[in-house]
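S.K.: Could you have a look at this structure, given as structure tokens, before my questions?
The values are calculated or read from the model by the stated rules, or taken from the named source; none is laboratory data. What you see is a predicted model; the values in this text were computed from it and never measured. Ideal geometry is used to build each Cβ from the backbone, glycine not excepted, and the neighbour counts take in all protein chains shown.
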Amino acid sequence: MKTSVKEPETQVKRPDESLFKRLTRQQLFIPVAALTLLVLFNLIADPSFFAVSIKENSLGNPVLSGNIISVLDNASELVILAIGMTLVTASSGGQDISVGATMAIAGSVILRMVCGTEVTADTLHMPLILAVLIGIFVSMLFGAFNGTLVAYFKIQPMVATLIMFTAGRSIAAWINNNQLPIMNDISFKYAGTFLPGIPVPTPIFITAFMILVFWLVLKFTNLGLYTQSVGINANSSRLNGLDPQMIKLLTYVILGVCVAVAGFIRVSRSGSINYSRIAENIEMDAILAVALGGNALSGGKFNIYGSILGAYVIQFLTTTLYKYDVPSTALPAYKAVVVILLVVLSAPVVREKLAGMKKAPAKAAKGVS
Amino acid sequence: MQEGAVLEMRGICKYFPGVRALQDVDFTLREGEIHALMGENGAGKSTLIKVLTGVYPKDGGEVYIKGVSGAALIRSPQDAQNAGISTVYQEITLCPNLSVAENMYIGRTKGAMTNWKQMNQGAGKILKSLGIPAGPTQQLGTCSIAVQQMVAIARAVDMECKVLILDEPTSSLDDQEVQKLFGLMRDLRAKGVGIIFVTHFLEQVYEVCDRITVLRDGTLVGEYVIEDLPRVELVSKMLGKELDDMADIKGEAGGTAVSLEGAPVLEAAGLCSSAGIKPFDFSIRKGEVNGFTGLLGSGRSECVRAIFGADHVTGGTVKMDGKDVKIRKPLDAMKQGIGYLPEDRKGDGIVGDLSVRENIILAFQVMKGFFHPFSRAQAEAFADEYIKLLEIKTASADTPIKSLSGGNQQKCILARWILTDPKYLILDEPTRGIDIGTKIEIQKLVLRLAAEGKSVTFISSEIDEMLRTCSRLIVMRDRKAVGELCGEDLTQTKIMATIAGGDEE
Amino acid sequence: MKKVLCLVLTLCMVLALAACGGNSGGTPADSGSQTPASTPDAQPAGDTNSGLITVGVINNDPNESGYRTANDAAMRAMFTEANGYKATFYNNNDAAQQIATAQQMIQDEVDFLLLSPASTTGWDSVLQDAQAAGTQIILFDRMLEADESMYVAAVVSDMPAEGKTAVDWLAAQGLSEYNIIHIQGHMGSDAQLGRTGALDEKVSAEASWNYVTQQTADWDEATARTITQSVIDSGKPFNVIYAENNGMARGAVAALDAAGITHGKNGDVIVMGFDSDKWAMEAVLEGSWNYMGLCNPLQAETVDSIIKDLVAGTAPAQKIIYTPEQGFEAATITQADVDTYGT
């Protein structure tokens, strides 16, 4: 792919540049450092954090259990959203704040499809894959709606998506006639829990699959180059034959796909939906993941793997805080503190300073020898 | 400090990753002089200015300023301003969404309260005294580029400075405006202000400057009193080599003998666009170099933008190789084998954060299609080929293009279009803000492309440059094509006369 | 072509939105819960047509929980023209929006204003206006802070009693040690305060009662699952899950199932939930859960009879009427209970 992922090898190195300085300049430095810090903290505070054991779940299947598995499992929706959010951010220089509400819509559509008109259904009324495809399609439509407002009507992304942010959950409720449908067929829950005989939570596979798909898309299409080019300089991109509006729209539609997959995982975990609460505030975490990944929220160059790592960092942090019984009302405050630290650390100004600080003693040492 | 000096820089060093931008450079500015800072693109002029004004921290050396004991500490543009150093940058750095007066006073009002009336009156007075055609309450973005530039100068002038830095202030001004600026500079000189003047226009240097400091490849070549340095010598010092007669490059590249017969590659009739130009006819033959000329704002850029489909085309027909084609958007034009280097390099040309490599392959990549990206190896091969061919100075192909000097950025854009192997290439102001060496290289390149059978439309504000390259000129006035000159008519006086329109009536 | 496309898309969305807002006549859905500016569904027409009693119903967002959905649906089913009412409904979780709508309804001279306030304070002006206009106020489901004279009746659930019943039941199980995962609702809400209060009291009084963790999941199933999962991952022993609503209990059970921890009548962990969801009562009936504290959302009938009495000239015997509530446990629950109380 043509993003900056490969830059480490090609970046010019000055001979007197310390390893530390080179490291701090990498885009992935912050998420990797944050993850390392969290891992170290947990290793020192309680190494049992990393224990993974095999248990038997209530259906008699052997399943892996442990904090690490929980982090990987629970981060799934966020990781998938972060991928789409990165593209939207890169192309339009703004964020979609309606992803939580659109997840509710996608989840509602999928449940409506499999439950038919029943409130509590014990069997699938439609092949699951078809229901999911319909959910993805509907979610893409809503993505296209947001994208149209942003690209063609030139409305700021946050304002444009505010519409769906406000209306989305009502639409989700309306899709199911305001009832809370429950799907009891066990196969519906495979995607959110475990497949029979496989000890790893299914969301981890779905996430891996999505990452793989985007890796392939970025490798075998020009999506990366085009979105970055449009995000950095739309005028110039247009004069090079690109259609900036179409590309912006495209990224919002792609985000729609991500939202639907995340929504499917979420409803599949429990087989039901609560329109007001499902994926509440997840848009903020998704935006945060993009920022933590070292991507500029003003658009342009992006590193999708940074965002993915950022999403895992957020979930790792959440799980760690739960483990140490931090009251969950206080959780957002702790997150905010950590976030401020990370974001400040990732600011170019601070990184330069850091690199400078490390360089001075290194030089002094050289002088002595 | 030396007697009479207002500013002294000693042993200035500055490094960027992979580049030594400045190496042990000295510079002295005396009271009441206009001092030209000359050098090719990438010689270190802009870097030196940015170090002086605190935009970049320096890696070595000292700066002394009159009235400040010891080495001056300049760590931010604010520090520089407080020390009496004002700057007008090449790229306009004002806020287009604020009013003219606000732009002039931004960051200098004391306290939180602003006396709007006083501010607008003060601004109005200065604008009037400088003859700048803008009202203080007008939104800056609605002014022309030239006026914006003059507002930037007005802002700097008003700041009671000891040192005024003008970094390429004239590149978007027309002759009259330049004269106005020079008058202003002379006034300031008389008041004892030291002026650092960075420009590529040799004539302008010899018109107003007292002294010249020449930089090359980040090192100091020397400081000269203007009378002691004839033009040819200055150019050779800048380039670091003896210069052949510049006027002869047309001959070098194989002569102007382009056949004016043969079928046109592109033929446009009654073309007009949303940019407000009057319908015009245009044609170009295989291997021909022609050009649009005219004053700033005469519509020459709008014409070529209409041909390329960059503006919304509202009427007219276009034929490529005799066949009717519809060009509604740039991609249509690209598919017909047309390339376009836009006038506004920063706004329309480069994609700043992307690497040199990505910038070079961009247009070709777009033509190849969404689902057919070049492999990394292919892209690298293309980029390396053109970096070598056009001698683009960059640390590597992965360097973001925005960190290159203007001339090298322009070469990347040229590379981008040559890579697409166009039949017809439109170059709108390819040499603006570029050093003389690169200018000549670009002119040679244009003629070489023509010799290879490509057609080129060349636009430049410098008429002698057009004369050297073009075999036919379309003259624009007030958004209308008013004449076409070729052969013996192609002389400076004839062009001037046509532009001025005096002999028509 | 693209312009056409974008037009069509926009049109689609606008239609979808319009459809969403406009169907309230046919189904209980009401987009008013999310669009504060929306006007009430029907204009009360005063007493002019055929002697119907005009009522304005202000409730919370029906999507908030299964409990609220049932509560809202019951109100809408009761106050119909067939039952002699001309009713206007409004749903919003924002008290300020509720207050604005209440004032509008008073101006429209409804006979009765049925109110489930989103917050307990800030209603003084509404109550005074209502008194001046002769509109009678009946509170349902939620209380507000005001003198009893300002409203004619309040039909509410006794949250502290619900908590007390549940904790007493738990104590009666006679475990040697109580290690409790306590999953709280939205902090500060009536239900959370009542249900937490009883348990807090017991835990601080008894040495053998301990919290393994006490966290709010904000009524969210997924958060409840994460909290439970976290306790399982850390390996701390626990034998009780006390979740303050059924949705959260369900999330906790999902985490138990994933880890293969048995629960319910014959399991290792006691599972307790609240509210009135039918599926939850079925889970108790199956023995997969141990206890569900009923919080009766069906106040509509009681409110109806109070209104009919008032119109006939009889004031209610008590100002505050608690809806009949009880706890259901796996050992004694019957299919009849599920059918009667499940919603």
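S.K.: Of all residues being assigned to a helix (DSSP H, G or I), touching a Lys or Arg at 6+ places or on another chain (Cβ under 9 Å) and of a type outside the set (A, V, I, L, M) in segment A:220-235, which is surrounded by the most Cβ atoms within 10 Å (Cβ to Cβ)? Just the residue, please.
M.R.: Here is the first cut: in segment A:220-235, the residues assigned to a helix (DSSP H, G or I) are A:220, A:223-232, A:234-235.
The next check asks that each one be touching a Lys or Arg at 6+ places or on another chain (Cβ under 9 Å); those that pass are A:224-225, A:227-228, A:230-232, A:234.
The next check asks that each one be of a type outside the set (A, V, I, L, M); those that pass are A:224, A:227-228, A:231.
On the way: A:G224: 25, A:T227: 31, A:Q228: 26, A:G231: 28.
Here the residue is A:T227.
S.K.: Restricting attention to segment A:134-159, which residues are over 18 Å from A:L81 (Cα atoms) and of a type outside the set (F, W, Y)?
M.R.: Within segment A:134-159, A:I134, A:T148, A:L149, A:V150, A:A151, A:K154, A:I155, A:Q156, A:V159 qualify.
S.K.: Residue pairs, Cβ under 6 Å, 6 or more apart or interchain, first in segment B:14-33 and within 14 Å of chain A (Cβ to nearest Cβ) and of a type outside the set (G, A, S), second surrounded by 20 or more Cβ atoms within 10 Å (Cβ to Cβ) and in a loop (DSSP other than H, G, I, E, B). List them.
M.R.: B:K14/B:K58; B:R20/B:G218
S.K.: To continue, here is another question. Just need a number here: residues in segment C:109-143 that are over 21 Å from C:D304 (Cβ atoms) and not in a helix (DSSP H, G or I).
M.R.: Adding up the residues that qualify gives 6.
S.K.: If you don't mind, there's one more thing I want to ask. Within segment C:112-145, track down each residue that is farther than 20 Å from C:N91 by Cα and under 21 Å from the mean Cα position of the chain (by Cα).
M.R.: Within segment C:112-145, C:E145 is the sole residue that qualifies.
S.K.: Moving on to the next point. Just wondering, is there one or more residues in segment B:318-328 that are under 20 Å from B:A363 (Cα atoms) and touching a helix residue (DSSP H, G or I) at 6+ places or on another chain (Cβ under 8 Å)?
M.R.: Checking segment B:318-328: at least one residue is under 20 Å from B:A363 (Cα atoms) and touching a helix residue (DSSP H, G or I) at 6+ places or on another chain (Cβ under 8 Å).
S.K.: Filter the strands (runs of 3 or more DSSP E) completely within segment B:1-67 down to those with at least 3 residues that are assigned by TED's automatic domain parsing to the domain that holds B:K191 and buried (at least 20 other Cβ atoms within 10 Å of the Cβ).
M.R.: Counting at least 3 such residues, we get B:5-16, B:19-30, B:34-38.
S.K.: Can you tell which of C:Y67, C:Y85 is of a type in the set (S, T, Y) and over 19 Å from the mean Cα position of the chain (by Cα)?
M.R.: Exactly one residue qualifies, and that residue is C:Y85.
S.K.: Taking segment A:154-179 on its own, how many of its residues are more than 8 Å from chain C (Cβ to nearest Cβ) and in a loop (DSSP other than H, G, I, E, B)?
M.R.: Count: 4.
S.K.: In addition: Can you pull out every residue in segment B:419-443 that is at pLDDT below 90 and part of a helix (DSSP H, G or I)?
M.R.: Passing the criteria: B:I436, B:G437, B:T438, B:K439, B:I440, B:E441, B:I442, B:Q443.
S.K.: Right, next: Scan segment B:123-131 and give yes if some residue there is under 30 Å from B:A72 (Cα atoms), at pLDDT below 80 and in contact with a helix residue (DSSP H, G or I) (Cβ under 9 Å, 6 or more places away or on another chain), otherwise no.
M.R.: So far as segment B:123-131 goes, no, none of its residues is under 30 Å from B:A72 (Cα atoms), at pLDDT below 80 and in contact with a helix residue (DSSP H, G or I) (Cβ under 9 Å, 6 or more places away or on another chain).
S.K.: Which of the residues spanning segment A:227-248 are under 21 Å from the mean Cα position of the chain (by Cα) and within 14 Å of chain B (Cβ to nearest Cβ)? First the steps, then the outcome.
M.R.: Taking segment A:227-248 as the starting set, the residues that turn out to be under 21 Å from the mean Cα position of the chain (by Cα) are A:227-228, A:231, A:247-248.
Correct list: A:T227, A:Q228, A:G231, A:I247.
S.K.: Let me ask something else about it. Quick one: A:C115 ticks every box in (1) within 13 Å of another protein chain (Cβ to nearest Cβ); (2) under 21 Å from the mean Cα position of the chain (by Cα) except a single one, so which number is it?
M.R.: Unmet condition: (2).
S.K.: Checking the condition more than 26 Å from B:S274 (Cα to Cα) and in the same structural domain as B:L271 (by TED's automatic domain parsing), which residue from B:K480, B:K444, B:K402, B:K411 passes?
M.R.: Answer to the check: B:K444.
S.K.: Show me the strands (runs of 3 or more DSSP E) found entirely inside segment B:444-498 where at least 2 residues are surrounded by fewer than 21 Cβ atoms within 10 Å (Cβ to Cβ).
M.R.: B:472-477, B:480-486
S.K.: Pick out the one residue from C:T323, C:T332 that is without any contact (Cβ under 8 Å) to a residue 12 or more places away in the chain and not small (G, A, S).
M.R.: Matching residue, one of C:T323, C:T332: C:T332.
S.K.: Residues in segment A:188-211: is at least one more than 30 Å from A:E118 (Cβ to Cβ), in a helix (DSSP H, G or I) and aromatic (F, W, Y)?
M.R.: The answer is yes, given that some residue of segment A:188-211 is more than 30 Å from A:E118 (Cβ to Cβ), in a helix (DSSP H, G or I) and aromatic (F, W, Y).
S.K.: Just a yes or no: is a residue in segment A:80-88 at pLDDT 90 or above, surrounded by 21 or more Cβ atoms within 10 Å (Cβ to Cβ) and either assigned to a loop (DSSP other than H, G, I, E, B) or in contact with a His (Cβ under 7 Å, 6 or more places away or on another chain) (or both)?
M.R.: So far as segment A:80-88 goes, no, none of its residues is at pLDDT 90 or above, surrounded by 21 or more Cβ atoms within 10 Å (Cβ to Cβ) and either assigned to a loop (DSSP other than H, G, I, E, B) or in contact with a His (Cβ under 7 Å, 6 or more places away or on another chain) (or both).
S.K.: Considering every residue within segment A:131-139, establish whether at least one is within 11 Å of another protein chain (Cβ to nearest Cβ), over 30 Å from C:G342 (Cβ atoms) and at pLDDT 95 or above.
M.R.: yes
S.K.: I would also like to ask the following. Criterion first (part of a helix (DSSP H, G or I), in contact (Cβ under 8 Å) with a residue 12 or more places away in the chain and within 14 Å of chain A (Cβ to nearest Cβ)) does C:A102 satisfy it?
M.R.: When the stated conditions are applied, C:A102 does not pass them.
S.K.: Take residues that are of a type in the set (S, T, Y) and more than 7 Å from chain A (Cβ to nearest Cβ) and tell me which of the strands (runs of 3 or more DSSP E) falling wholly in segment B:308-404 contain 1 or more.
M.R.: Correct list: B:313-320.
S.K.: Please find, within segment C:168-217, the residue that is farthest from the other protein chains (Cβ to nearest Cβ) out of those that are in a helix (DSSP H, G or I) and among the small types (G, A, S).
M.R.: The extreme case among them is C:A172.
S.K.: Does any residue of segment A:189-198 turn out to be more than 22 Å from the chain's Cα centre (by Cα), closer than 30 Å to A:Y305 by Cα, in contact (Cβ under 8 Å) with a residue 24 or more places away in the chain and away from chain C (no Cβ under 11 Å)?
M.R.: Taking every residue of segment A:189-198 in turn, at least one turns out to be more than 22 Å from the chain's Cα centre (by Cα), closer than 30 Å to A:Y305 by Cα, in contact (Cβ under 8 Å) with a residue 24 or more places away in the chain and away from chain C (no Cβ under 11 Å).
S.K.: All but one of (1) of a type in the set (A, V, I, L, M); (2) touching a strand residue (DSSP E or B) at 6+ places or on another chain (Cβ under 7 Å); (3) not assigned by TED's automatic domain parsing to the domain that holds B:I459 hold for B:I361; state the number of the condition that does not hold.
M.R.: (2)
S.K.: Determine whether segment B:75-88 contains at least one residue that is over 23 Å from B:A154 (Cα atoms) and modelled with pLDDT of 75 or more.
M.R.: Step one: of segment B:75-88, the residues over 23 Å from B:A154 (Cα atoms) are B:75.
Now restrict to residues that are modelled with pLDDT of 75 or more: B:75.
Yes, some residue in segment B:75-88 is over 23 Å from B:A154 (Cα atoms) and modelled with pLDDT of 75 or more.
S.K.: C:I106 - would you say it is among the aliphatic types (A, V, I, L, M), outside the structural domain of C:M187 (by TED's automatic domain parsing), surrounded by 15 or more Cβ atoms within 10 Å (Cβ to Cβ) and under 23 Å from the mean Cα position of the chain (by Cα)?
M.R.: no
S.K.: In addition: Quick one: in segment A:241-266, of everything that is over 17 Å from A:S91 (Cα atoms) and of a type outside the set (G, A, S), which residue is surrounded by the most Cβ atoms within 10 Å (Cβ to Cβ)?
M.R.: Across segment A:241-266, the extreme among qualifying residues is A:V259.
S.K.: Suppose we keep only residues that are touching a residue at least 60 places away in the same chain (Cβ under 8 Å) and not in a helix (DSSP H, G or I) within segment C:144-167. Which one would you say is nearest to C:Y211 (Cα to Cα)?
M.R.: So the residue we want is C:D158.
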